[in-house]
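Below you'll find the structure, written out as structure tokens, and then a few comments.
The values are calculated or read from the model by the stated rules, or taken from the named source; none is laboratory data. Values in this document were obtained by computation on a predicted structure and should not be read as measured data. Reconstructed Cβ throughout: ideal geometry from the backbone, glycine too, with neighbour counts over all protein chains shown. These area figures cover heavy atoms from the full protein model, side chains too; ligands, DNA and RNA do not enter into them. Shrake-Rupley method; radii C 1.70, N 1.55, O 1.52, S 1.80 Å.
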Amino acid sequence: MIDKPRIGVYVCHCGKNIAGVVNVEDVAEHVRNMAGVIVAKDYRYVCSDPGQDMIKKDIRDYQLDRIVVVACSPRLHEPTFRRVLEESGLNPYLLEMVNIREQCSWVHMDEPDKATEKAKDLVRMAILRSQLLEPLEIKEVKVLKSVLIVGGGVSGISAALDLAEMGFKVYLVEKNESIGGHMAQLDKTFPSMDCSICILGPKMVEVARHPKIKIISHADIVRVEGYVGNFKVKIRENPRYVISDRCTGCGECQEVCPIEYPNEWDINLGVRKAISVPFPQAVPSVYRINIDYCLQCYKCVEACGAREAIDFGQKPKETELNVGAIIVAIGFEPYEPYQLKEYGYGTYQNVITNIEFERLINAAGPTEGKLIRVSDMKVPHRIGFIQCVGSRDERIGHIYCSRFCCMSAIKQARQIKEKLPEAEVYIFHTEPRTFGKGFEAFFRKTREYGVSVVRGRASKVLEDPETGNLTVFVEDLSLGKPVEVEVDLLILSVGMSPPKDLESLSRTLRIPRDPDGFLLEAHPKLRPVDTHTAGIFLAGACQSPKDITDSISQAKAAAASVAALLSRGKIRVESMIAHVNQDLCIGCGLCQEICPYQAMTIQNKKSKTIPALCGGCGTCASTCPEHAITMKHYTNKQILAEVVTAFQR
Amino acid sequence: MAEEFEPKLIAFTCNWCSYAGADLAGVSRMQYPPNVRVIRLMCSGRVDPIFILEALKRADGVLVTGCHIGDCHYVSGNLHAEVRVKLVKKALEMVGLEPERLKLEWISASEGEKFARVIKEMVDQLKKLGKNPLRDG
């Protein structure tokens, strides 16, 4: 570069967030006379409109060509300030951000002097680095107007319908045979007491019928490659032993099948045939043979007749999808309370979970909606609920509130009182959380039905082996003394756990998980449905426990975010890529060997980068024995400038 | 009273996991010693042995952090970082420098607490080791 860089430095107060600890005036003053620095200012909120305008004006007035913003994390506001540079006609890569909030003022709150010294060092490092920054080429590629949605629960369904209505092609991949998720298992929803499948079923059918949506059920995600706008996803469809296109869903095969096995969808309380659908409203309405139970008597083949839908030779089928964006909506798993021995789940027959209760009280469930205990088929008259089972419990590593179980218990208590008005119903709770719209009114109304709400965490449950009745031991915090309550049926209000396959999926998609094990959003407030991998979004309980209302809200937000991304038609690709100096390259091929993206190719015994494939990690640059590879924006010179300045005073 | 030795620590972080972890430490207001200067890279695989050696001419210790094995945003960059840090550690031993002055840690985006702890532990350790004899100034 012929002209010397002209640098503007802007130190942000962030109200008191930074200025409350770091002496921002001192920091600005410290660098004001450094070589290349034309202006150095401190300002209350640099990210505000006037703050941005100040930078733009300075760029004009002083012909600045490097901007150093000393504020919060670049992970938060780098895009904001890059835009400021672009709008001023500068290449966005001529920006350098210094993080003195998350990584200085907030972590050294009791050491203002040392924090200020550190801030000065960090700013000097950035100024040195900024002098070496180079404009990078901005490239755009076309984005595919298609979306993969992983998970066909209510979140996936809502997002799929919204996107399909906007004209995008949607692939809805579901692990189970049918879409619908947990909502399809529920009897009624709170606080509106809608019949769950009655409001979900039509949506499921709409998904199946929509010309823009393709459901791929009973399938897994094998691999995800590519980048925002152009993902390549490998899907494996597991064999059903029934050919989807030929199955009419008539159910004649099921009628003749002699084998029954526990229906997992009915929490093993009911049975299903070896060839069947898990529930009558299943979508797609394609039957499946469970080969582990099938006798291969071929009665189903006979019943199917000329339709010839049954194929015992079916193998897993792999297909590749090309999509522009991905929404992850794989939901949750109900907490399995075996570990909490004090409640006797799995040992005492009359201790069940809230999800099992949903099937028990459901008219289409195994008891046709008749509320009975499984142990002796008797109608229970005293029923208890224990709250926070698998939630807010440090012992099992679930410190979070699952956000649905309080309302679920209140709703279930109401359902019991509607069916058996004389029944005694107790809810043993830590504290009822009725935060949503209409929740508190619903809770009050339920109490009017005569439900006893006992504040206190149940410490243990004992069974009377003769009657199968259960005694709940709890310290009633309102009375201030321990009480014992005998019930005929006990329902554990279990919370949500991250699905077991979330770990492997998070690796396949390269999106991190939070300390609770759910998927991590890009920012808890500003980007709640984005992930740190561009083009991948989150919806529903896989991000954190939430009820149906919140899941749908998030699904709609994710759909809108995908639409905002894909409607542009084009997207910028990574500018920070590797570049091989052809004069220095000896063609050893080491870079090609280590590149995870196959972005290095050898032509005429020289290595070259394929720009569209390069992910920008820079591992090749530090591997090259000849130092022939430059990692743009993270060159050796730029990084070493920071190293050299780090403690230089 | 003589002033306590304040070690100088340079930390290389990857953008996706460990830098985010450091941000989370801040958001959660976890306090750690201000002796560290973080240099943000896109991937721990970018860390060249030269960076470590140059850093050891100016600091008392160097920390390299990245995503946990299997979680690398760029699939395998952290595996290369691991090999290089091991090699440099050997070289340090050969020239008689305490290998503890160089440390490799995997810190995820959700491990703010770990980031704060690692910095604190390393600063404590460097205080015990004293000034790096290779450091100028």
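Could you tell me which residue out of A:Val107, A:Cys591, A:Phe473 lies farthest along the dipole of chain A toward its positive end? Charges go on the beta carbon: Lys and Arg +1, Asp and Glu -1, centred on the Cα centre.
My answer, from the dipole projection, is A:Cys591.
Could you give the DSSP H helices of chain B that reach 24 angstrom or more along their long axis (alpha carbon positions) and whose average Kyte-Doolittle hydropathy is no lower than -1.0?
Span-like helices here: B:77-94, B:112-129.
Enter the Cα centre distance for the pair segment A:117-131 and segment A:573-605, rounded to the nearest angstrom.
First find each Cα centre; the distance between them is then 32 Å.
What does the helix-only formula give at 222 nm for chain A: each DSSP H stretch with n ≥ 4 adding -39500 (n - 2.57), the total divided by the residues, and the result rounded to the nearest 500 deg cm²/dmol?
Roughly -8000 deg cm²/dmol at 222 nm, from the helical runs in chain A.
Positive end of the dipole of the protein assembly as shown, charges at C-beta (+1 Lys, Arg; -1 Asp, Glu), about the Cα centre: which of A:Tyr335, A:Phe385, A:Ser178 has its Cα farthest in that direction?
The residue sitting farthest along the positive end of the dipole is A:Ser178.
Keeping all protein chains in place and using 1.4 angstrom, which order do A:Phe312, A:Phe647, A:Phe435 fall into by accessible surface area, from largest down?
A:Phe435, A:Phe312, A:Phe647
Tell me, what HN-Hα J-couplings in whole Hz come from the Karplus equation 6.51 cos²θ - 1.76 cosθ + 1.60 at θ = phi - 60° for each residue of segment A:51-60, using x for Gly and Pro?
x, 5, 4, 4, 5, 4, 5, 5, 4, 5
Give me the distance between the Cα centres of segment A:10-51 and segment B:26-46, rounded to whole Å.
21 Å
What whole number of Å gives the distance from the Cα centroid of segment A:94-111 to the Cα centroid of segment A:220-282?
Cα centroid of segment A:220-282 versus Cα centroid of segment A:94-111: 52 Å apart.
Anything over 20 Å Cα to Cα? Flag those among A:Lys411/A:Lys445; A:Lys118/B:Lys90; A:Lys169/A:Lys232; A:Lys500/A:Lys546; A:Lys637/B:Lys57; A:Lys419/A:Lys546, in the order listed.
Going by Cα-Cα distance, A:Lys118/B:Lys90; A:Lys419/A:Lys546 fall outside the 20 Å limit.
Taking the Cα atoms of segment A:575-632, report the difference between the largest and smallest coordinate on each principal axis, in whole Å and largest first.
24, 18, 17
Need one word for segment A:333-496: rounded, prolate or oblate. Basis is the Cα gyration tensor (sqrt eigenvalues a ≥ b ≥ c); a/c below 1.5 gives rounded, then a/b vs b/c decides.
Since a/c stays below 1.5, the shape of segment A:333-496 is classed as rounded.
In the calculated pair distance distribution of segment A:49-154, what percentage of Cα-Cα distances lie above 15 Å?
71 percent
With every protein chain in place, what's the accessible area of B:Trp106 (1.4 Å probe, Å², nearest 10)?
Rounded to the nearest 10, the figure is 40 Å².
Could you state how much accessible area A:Ser285 has, in square angstrom rounded to the nearest 10, with a 1.4 Å probe and all protein chains kept in place?
Roll a 1.4 Å probe over it and A:Ser285 shows about 60 Å².
Okay, which of segment A:201-220 sit inside 20 Å, backbone N to the point 7 Å along the Cα-Cβ direction of A:Asn238?
A:215-220
Return the Rg/Rh ratio of chain A with Cα-based radii and a Kirkwood Rh.
My calculation of the ratio gives 1.06.
By the gyration tensor of its Cα atoms, with a ≥ b ≥ c the square roots of the eigenvalues, what is the shape of segment A:217-354: rounded for a/c under 1.5, prolate for a/b over b/c, or oblate?
Oblate, because a/c is 1.5 or more while a/b does not exceed b/c.
To the nearest 20 debye, what is the magnitude of the charge dipole of segment A:252-307 about its Cα centre, counting +1 on the Cβ of each Lys and Arg and -1 on the Cβ of each Asp and Glu?
140 debye
Just from its helices, what would the mean residue ellipticity at 222 nm be for chain B, if runs of 4 or more DSSP H residues each count -39500 (n - 2.57) and the sum is divided by every residue, rounded to the nearest 500 deg cm²/dmol?
The helix contribution divided over chain B gives -12500 deg cm²/dmol.
Roughly to the nearest percent, how much of the accessible area of segment A:40-176 is carbon and sulfur, given a 1.4 Å probe?
Carbon with sulfur: 48 percent of the solvent-accessible area.
May I ask for the net charge around B:Val36, where only other residues with Cβ less than 15 Å from the Cβ of B:Val36 are counted and Lys, Arg are +1 while Asp, Glu are -1?
Computed value for this residue: +2.
Which residue, chosen from A:Val150, A:Cys72, A:Pro498, occupies the Cα position most advanced towards the positive end of the dipole of chain A, where the dipole is computed from +1 (Lys, Arg) and -1 (Asp, Glu) charges on Cβ about the Cα centre?
The one lying farthest along the dipole's positive direction is A:Cys72.
List every residue whose amide H lies under 5 Å from the amide H of A:Ile291, counting only residues 5 or more places away in sequence or on a different chain, with H placed 1.01 Å from N in the peptide plane.
Under 5 Å from the amide H of A:Ile291 lies no amide H from a residue far enough along the sequence or on another chain.
List the residues whose amide H sits under 5 Å from the amide H of B:Val38, counting only those 5 or more places along or on another chain, with H placed 1.01 Å from N in the peptide plane.
B:Ala11
Over segment A:18-74, calculate the relative contact order: mean separation of alpha carbon pairs under 8 Å at least 6 apart, over the residue count, as a percent.
Normalised by residue count, the contact order of segment A:18-74 is 24 percent.
To the nearest 100 Å², how much accessible surface do chains B and A hide from each other in total, with a 1.4 Å probe?
Chains B and A together bury approximately 4400 Å².
Across peptide A:334-342, what mean number of C-beta atoms from other chains lies inside 10 Å of a residue's C-beta?
Shielding by partners across A:334-342 averages 0.
Using modelled amide H (1.01 Å from N, peptide plane; none on Pro or chain starts), what sits under 5 Å from the amide H of A:Phe385, excluding residues fewer than 5 places away?
Distant-sequence amide H within range of A:Phe385: A:Tyr426, A:Ile427, A:Phe428, A:Ile491.
How much net charge surrounds B:Asn15 when only other residues with a Cβ under 9 Å from its Cβ are counted (Lys, Arg +1; Asp, Glu -1)?
Charge balance near B:Asn15 sits at +2.
Under a plain spin-label model, where a point goes 7 Å from the Cα along Cα-to-Cβ, how far apart in nm are A:Phe312 and A:Arg444?
6.5 nm
Could you give me the ³J(HN,Hα) list for segment A:286-300, computed from phi with Karplus coefficients 6.51, -1.76, 1.60 and θ = phi - 60°, whole Hz, x at Gly and Pro?
3J(HN,Hα) across segment A:286-300, in whole Hz: 10, 6, 9, 9, 8, 5, 5, 9, 5, 8, 6, 7, 6, 5, 5.
Roughly how many debye, to the nearest 20, is the charge dipole of chain A about its Cα centre, given +1 on each Lys and Arg Cβ, -1 on each Asp and Glu Cβ, and no other charges?
1740 debye
With r defined as the distance between the Cβ atoms of A:Tyr261 and A:Lys500 and R0 fixed at 30 Å, what FRET efficiency is calculated, to the nearest 0.05?
0.90
Can you compute the radius of gyration and Dmax for segment A:252-307, using only the Cα atoms, both in Å?
11.1, 35
Over chain A, calculate the relative contact order: mean separation of alpha carbon pairs under 8 Å at least 6 apart, over the residue count, as a percent.
13 percent
Would you kindly work out the equivalent ellipsoid of segment A:442-546 from its C-alpha gyration tensor and give its semi-axes, the square roots of five times the eigenvalues, largest first in whole Å?
41, 18, 12
By DSSP, what percent of the beta bridges with both residues in the protein assembly as shown are antiparallel, rounded to the nearest 5?
45 percent
Keeping all protein chains in place and using 1.4 angstrom, which order do A:Lys460, B:Lys128, B:Lys8 fall into by accessible surface area, from largest down?
So the residues, ranked largest to smallest area, are B:Lys128, A:Lys460, B:Lys8.
Enter the angle in degrees (range 0 to 90, nearest 10) between the Cα long axis of helix A:196-209 and the first principal axis of the Cα atoms of chain A, meaning the one along which they spread out most.
Taking Cα atoms only, the helix is inclined about 60 degrees.
If you count only protein heavy atoms and use a 1.4 Å probe, how large is the accessible surface of A:Lys175, to the nearest 10 Å²?
Counting only protein heavy atoms, A:Lys175 exposes about 90 Å² to solvent.
Return the tail of the calculated pair distribution for chain B, meaning the percent of Cα-Cα pairs more than 22 Å apart.
Cα-Cα pairs of chain B separated by over 22 Å account for 34 percent.
Enter the accessible area per residue of segment A:7-136 (Å², integer; probe 1.4 Å; all protein chains in place).
37 Å²
When the dipole is taken about the Cα centre of segment A:333-496, and only Lys, Arg (+1) and Asp, Glu (-1) are charged at their Cβ, what size is it in debye, to the nearest 20?
The dipole of segment A:333-496 has a size of about 660 debye.
I'd like the Karplus ³J(HN,Hα) series for segment A:266-272: coefficients 6.51, -1.76, 1.60, θ = phi - 60°, whole numbers in Hz, and an x wherever there's a Gly or Pro.
Coupling constants for segment A:266-272: 8, 6, 6, 7, x, 10, 9 Hz.
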